[in-house]
Amino acid sequence: MALLLDFCCRSRGGKMSRRSLTIVSIFFVFAGSVSLAIAQTSFEPPRLPDGKPDLQGVWDFRTLTPLERPEDLSDKAILGDEETAEIEANSVARSAELNAPSTDRSELLPAGGNVGAYNHYWVDQGAQVVDDQRTSLIVDPSDGRVPPLQPGIEMQVLSLAEDLGGPLPVRVRAAGRGTDSYEDRGLGERCLVGFNSGPPIVPAGYNQNIQLFQTSDYVVILHEMVHDARIVPLDGRDHLPGGIRQWLGDSRGYWEGDTLVVESTNFTDKTASFNPSIAKAAGNGTTLHLTERFQLVGDDTLLYEYTVDDLTTFTQPFTAVLPMKRGLDLFEFACHEGNYGLYNILSGARAQE
């Protein structure tokens, strides 16, 4: 063990390189649980007066690394340096192409015409893969994929070609679909939950930042997307009674060494057990037990790890690891229930009728 850690920390003055972090991470993957070896690094985090690591700040979680390992890389857990460089270069080139100025529109749009949605300028997928060059954020199971669903459970997928009807626990809803009621619109569109804020946090789209505030008694996780704040007590209190359900669940935190552990239950049945993307949903939140871990592993890197444990929905628990980078200011995303866009969608449909 000591030799492994010494090997991984030599190349950058005690800081792990991309590949070294991967080696140690994989070493610590066991069936049924994951405990990342970054807990064993020699990095000494700054500390608050109570002696706990100071995790405070804005943290950026955008990345080119997908949640699940692509099927064409099914036998490849780690990218080579050339593959990594190619992916990152292609991303830069694609962004430059999509963001290039276009010619002015010469004709007027017809009244009530489709004006389109956000163009690529407003979307920020990041420009790099994760530090250790993994092919997926999921590290357990070893195939890097969300486990199979239990018999009778189906993955709900938002379709742009049809109106699926009724409330769905997906994070967005196709524009122009489902206008009978506000309940036909997606949770994100209704400003109830952010489409990348989770919990757990799954990178997507834009506003991919959180800000952490910390005292001896509480940690606050402020999400830029929809601007929700999770206030996590650290005093060992019990979870809320099972009959009290919340959009973001009921979170309780504690420290394992220098790692902040947050366990959440009591999610509502109006949210999914897990959203692999903003347009997919599996199960519902009432059966979800979520464990998140936050650890400062470098001056500018906060390692975020989560385990989804819901054997009613999935055939086994699964774990993902997402390095977050220190960001700048967090700006308010002033999304609120009853927003003008939602009002206009429904009132426009009534006028059309």
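The values are calculated or read from the model by the stated rules, or taken from the named source; none is laboratory data. Please read these numbers as outputs of a predicted model, since none were measured by experiment. Cβ: placed from backbone, ideal geometry, glycine included. Neighbour counts: every protein chain shown. The area values use the complete protein model at the heavy-atom level, side chains included, leaving out ligands, DNA and RNA. Shrake-Rupley method; radii C 1.70, N 1.55, O 1.52, S 1.80 Å.
Here's the yes/no breakdown for (1) open to solvent by 30 Å² or more (accessible area, probe 1.4 Å); (2) assigned to a loop (DSSP other than H, G, I, E, B):
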{"position": "ILE201", "(1), (2)": "no, yes"}
{"position": "MET225", "(1), (2)": "no, yes"}
{"position": "GLY236", "(1), (2)": "yes, yes"}
{"position": "HIS239", "(1), (2)": "yes, yes"}
{"position": "GLY253", "(1), (2)": "no, no"}
{"position": "LYS270", "(1), (2)": "yes, yes"}
{"position": "SER277", "(1), (2)": "yes, yes"}
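Which members of the range 212-223 meet the condition of being touching a residue at least 60 places away in the same chain (Cβ under 8 Å) and either outside any loop (DSSP other than H, G, I, E, B) or in contact with a Lys or Arg (Cβ under 6 Å, 6 or more places away or on another chain) (or both)?
LEU212, PHE213, GLN214, VAL219, LEU222
Going by the structure shown, is GLY257 more than 24 Å from GLN150 (Cα to Cα), of a type outside the set (A, V, I, L, M, F, W, C), touching a residue at least 24 places away in the same chain (Cβ under 8 Å) and open to solvent by less than 20 Å² (accessible area, probe 1.4 Å)?
The answer is no for GLY257.
Being out of contact with any helix residue (DSSP H, G or I) (no Cβ under 6 Å at 6 or more places or on another chain), over 16 Å from PHE333 (Cα atoms) and acidic (Asp, Glu) is the requirement here; does ASP228 meet it?
It is false that ASP228 is out of contact with any helix residue (DSSP H, G or I) (no Cβ under 6 Å at 6 or more places or on another chain), over 16 Å from PHE333 (Cα atoms) and acidic (Asp, Glu).
Please verify whether the range 337-346 includes one or more residues that are under 21 Å from the mean Cα position of the chain (by Cα) and assigned to a loop (DSSP other than H, G, I, E, B).
no
Within the range 133-152, how many residues turn out to be surrounded by 13 or more Cβ atoms within 10 Å (Cβ to Cβ) and either at pLDDT below 95 or on the phi > 0 side of the Ramachandran plot (or both)?
2
Out of the range 68-99, which residues are acidic (Asp, Glu), part of a helix (DSSP H, G or I) and open to solvent by 70 Å² or more (accessible area, probe 1.4 Å)?
GLU71, ASP72, ASP81, GLU82, GLU86, GLU97
Give me the pairs: first residue in the range 285-299 and part of a loop (DSSP other than H, G, I, E, B), second residue open to solvent by 20 Å² or more (accessible area, probe 1.4 Å), beta-carbon distance under 8 Å, and six or more apart or on different chains, which are they?
From the range 285-299, the pairs are LEU288/THR265; LEU288/ASP309; ASP299/ARG326.
Quick one: GLU263 ticks every box in (1) loosely packed, with under 13 Cβ neighbours inside 10 Å; (2) within 25 Å of THR313 (Cα to Cα); (3) among the acidic types (Asp, Glu) bar one, so which box is it?
(1)
Given the structure, is LEU260 part of a strand (DSSP E or B) and closer than 21 Å to ILE153 by Cβ?
Taking the combined requirement at face value, the residue does not satisfy it.
Being open to solvent by 30 Å² or more (accessible area, probe 1.4 Å), under 20 Å from PRO45 (Cβ atoms), at pLDDT 95 or above and assigned to a loop (DSSP other than H, G, I, E, B), is that true of even one residue in the range 300-308?
Yes, the range 300-308 has at least one match.
Against the conditions (1) open to solvent by 50 Å² or more (accessible area, probe 1.4 Å); (2) farther than 30 Å from THR135 by Cβ, where does LEU342 fall short? Just the number, please.
Here LEU342 clears every test but (1).
Does at least one position in the range 318-335 carry a residue that is touching a helix residue (DSSP H, G or I) at 6+ places or on another chain (Cβ under 7 Å), surrounded by 13 or more Cβ atoms within 10 Å (Cβ to Cβ), at pLDDT 90 or above and charged (D, E, K, R)?
Taking every residue of the range 318-335 in turn, none turns out to be touching a helix residue (DSSP H, G or I) at 6+ places or on another chain (Cβ under 7 Å), surrounded by 13 or more Cβ atoms within 10 Å (Cβ to Cβ), at pLDDT 90 or above and charged (D, E, K, R).
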